[in-house]
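To start, the structure under review is shown below, and the notes come after it.
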Amino acid sequence: MVRQTFEQALQQIQDELLVLGSLVENAIIESVNVLKNRDVEGARRLIAGDQQINEKRFAIETACLNLIATQQPMAGDLRTIAAVLEIVTELERMGDYAKGIARINIMMGEEPLLKPLVDIPRMAEKARDMLHRALDAFIRRDVALARAIPTEDDEVDGLYNQIYRELLTFIMADPRSIDRATHLLWVAHNLERTADRVTNICERVIFTVSGQMVELDGDTQPGQYGC
Amino acid sequence: MRDANESRAIQIEELTAGFGSFTAVRQVSLRIPPNKITAIIGPSGSGKSTLVRCLNRLHEEVRGAWMQGRVRLGGHDIFATDVDPVQLRRRVGMVFQRPNPFPTMSVAENVVAGLRLNRWGRPAGLDDRIEESLRRAALWEQVKDKLHVSGASLSGGQQQRLCIARALAVEPDVLLMDEPCSALDPVATFKIEELMKELAEDITIVIVTHNMQQAARVSDYTAFLMMGEDRAGELVEFGPTDRIFTNPSDKRTEDYITGRFG
């Protein structure tokens, strides 16, 4: 029963973090779905929906600051709140990447996709899955999982390189496809960065549990083509 | 300079102390670094005050009090037979929970009361000593025009700073502070805390506090005491304050500072 109010508030913050996470996960997948369907209206809805992500992020930040100001958390509690403040920033940026994909979709106008999307949805699904498990690792304070997830970033980088090479062949075959290829490359880049940011969340899991600031090195550039 | 600082270091070796059949602290070993602020934290009854009162031999003044182990100040055993407790208390001053200026003495007389107790008579430059002590206690500006009014007429925070000035007047190496701000409002508390930071440039400070935030704000090092199974206080953990309050090594420390017990 000790510090019940504080415990409840801290739990509430973590519950809200999961809500924010699910909004971002949904945005990642939805951004690629509307691209796949060349659904410009859907892209506009997604851009508008990013506001909800931003508001949720600020609400969580405010709750964290209130808790710091009123409850003076220490040690593990303080690290949890510090980690949440960092993670909500990462999530908000991931939401921005999804919004960026929606903007690219709108920018492409009436032009058809250069090719059917295969690897880009895979990238999106992989990034979403990594994010989901990273947040799960945070809630469960699972250091082993937090260390394992960033190693999967290589898979996302591999898909990015594959997409790059494939788009290059389209450009070489028909230089008029440069714009359409570039748009898809931007999309892939946003997804690659999304997965990189999952690594930052995993680092915060380790910090929350151990107090150690570790570099998990998942933030590698995808081959020589990083941009 | 290094040697001068070392004369203000306190080495506590396997200190056990109590009253009659009751053991208040047991087997505490700890090095209190010179010219730093060390906070002693822990639940009520964990022996914090007893521990610091051993450092200037005030503990032994209580009927039935006893202690074992060693305390060295600057490498010298403070319990050695040739050590005069009164002289020791000049080097190791103390400020208590409630401001306790001598009510019948003026502000100025309060400041030099320690000098007189030490039979220094009326040393040359007494007025300078009063001013310097009050300045170091950040009180001079408020009292310079009322040095001859009763010390008890000052506000609570000013009275506590007067007590600090009184302790500083005898030029101690160490200042022990037992809950020095518990009777003060937040503004007076912050003034005392700022003052502690300034004083630590010249002296070693040990503060007992129940206020976790105060310990985190002002101290360089923190020692956490808690009661063992037989209610005797034991040292659980000692280390840099930054680490103790963000990433303590012992779960009992974590549970205490996060308010999960105590």
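The values are calculated or read from the model by the stated rules, or taken from the named source; none is laboratory data. It should be emphasised that the depicted structure is a prediction, and the values quoted were computed from it without experimental measurement. All Cβ positions, glycine included, derive from the backbone under ideal geometry; neighbour counts span all protein chains shown. What goes into the accessible areas is simple: the full protein's heavy atoms, side chains included, and nothing from ligands, DNA or RNA. Shrake-Rupley method; radii C 1.70, N 1.55, O 1.52, S 1.80 Å.
Considering segment B:233-262, and only residues there that are closer than 13 Å to B:K48 by Cβ and among the small types (G, A, S), the residue that is most open to solvent (accessible area, probe 1.4 Å) turns out to be B:G262. For the residues A:I87, A:I106, A:I149, A:I81, the requirement of being in contact with a helix residue (DSSP H, G or I) (Cβ under 6 Å, 6 or more places away or on another chain) and either modelled with pLDDT under 95 or surrounded by fewer than 18 Cβ atoms within 10 Å (Cβ to Cβ) (or both) singles out A:I106. Summed over segment B:132-151, residues that are out of contact with any strand residue (DSSP E or B) (no Cβ under 7 Å at 6 or more places or on another chain) and either within 26 Å of B:R57 (Cβ to Cβ) or surrounded by fewer than 17 Cβ atoms within 10 Å (Cβ to Cβ) (or both) total 9. Summed over segment B:61-89, the residues that are charged (D, E, K, R) and farther than 23 Å from B:R116 by Cβ give a count of 5. Would you check which residues across segment A:163-196 are free of Cβ contacts under 8 Å to residues at least 12 places away in the same chain and surrounded by 20 or more Cβ atoms within 10 Å (Cβ to Cβ) and list them? Selection gives nothing. In segment B:212-227, is there at least one residue being open to solvent by 60 Å² or more (accessible area, probe 1.4 Å), more than 13 Å from every other protein chain (Cβ to nearest Cβ) and over 16 Å from the mean Cα position of the chain (by Cα)? Checking segment B:212-227: not a single residue is open to solvent by 60 Å² or more (accessible area, probe 1.4 Å), more than 13 Å from every other protein chain (Cβ to nearest Cβ) and over 16 Å from the mean Cα position of the chain (by Cα). Exactly one residue out of B:D202, B:D173 is open to solvent by 60 Å² or more (accessible area, probe 1.4 Å) and more than 14 Å from every other protein chain (Cβ to nearest Cβ): that is B:D202. Restricting the search to helices (runs of 4 or more DSSP H) fully inside segment A:60-171 and requiring at least 2 residues that are within 14 Å of chain B (Cβ to nearest Cβ) and touching a Phe, Trp or Tyr at 6+ places or on another chain (Cβ under 9 Å) gives A:75-107. Applying the set (1) open to solvent by less than 30 Å² (accessible area, probe 1.4 Å); (2) more than 13 Å from chain A (Cβ to nearest Cβ); (3) closer than 20 Å to B:R98 by Cα; (4) of a type outside the set (D, E) to B:S182 leaves exactly one unmet item: (1). Tell me, yes or no, whether segment B:246-254 has at least one residue that is more than 10 Å from chain A (Cβ to nearest Cβ), over 27 Å from B:E194 (Cα atoms) and in a strand (DSSP E or B). Taking every residue of segment B:246-254 in turn, none turns out to be more than 10 Å from chain A (Cβ to nearest Cβ), over 27 Å from B:E194 (Cα atoms) and in a strand (DSSP E or B). For segment A:28-69, the set of residues classified as more than 30 Å from A:T5 (Cα to Cα), among the aliphatic types (A, V, I, L, M) and open to solvent by 10 Å² or more (accessible area, probe 1.4 Å) consists of A:I29, A:V40, A:L46, A:I47, A:A48, listed by residue number. One residue stands out in segment A:4-27 among those that are within 11 Å of chain B (Cβ to nearest Cβ) and open to solvent by less than 60 Å² (accessible area, probe 1.4 Å): the one that is farthest from the chain's Cα centre (by Cα), namely A:F6.
Kindly evaluate A:D154 against the criterion of being over 27 Å from A:N37 (Cβ atoms) and touching a Pro at 6+ places or on another chain (Cβ under 8 Å). Spelling it out, it is not the case that A:D154 is over 27 Å from A:N37 (Cβ atoms) and touching a Pro at 6+ places or on another chain (Cβ under 8 Å). Among the candidates A:L135, A:L114, A:L131, the residue that is of a type outside the set (S, T, N, Q) and over 22 Å from A:G95 (Cβ atoms) is uniquely A:L114. Every condition in (1) modelled with pLDDT of 95 or more; (2) more than 14 Å from every other protein chain (Cβ to nearest Cβ); (3) crowded, with 21+ Cβ neighbours inside 10 Å is met by B:I192 except one, and the failing one is (1). Scanning segment A:193-210 for residues that are small (G, A, S) and within 14 Å of another protein chain (Cβ to nearest Cβ) gives a single hit, A:S210.
Only one of the numbered conditions (1) buried (at least 17 other Cβ atoms within 10 Å of the Cβ); (2) out of contact with any strand residue (DSSP E or B) (no Cβ under 7 Å at 6 or more places or on another chain) is not met by B:T209, and that is (2).
Check whether at least one residue in segment A:42-54 is under 25 Å from A:A82 (Cβ atoms), of a type in the set (V, I, T), in a helix (DSSP H, G or I) and away from chain B (no Cβ under 14 Å), and report yes or no. Yes, segment A:42-54 contains at least one residue that is under 25 Å from A:A82 (Cβ atoms), of a type in the set (V, I, T), in a helix (DSSP H, G or I) and away from chain B (no Cβ under 14 Å).
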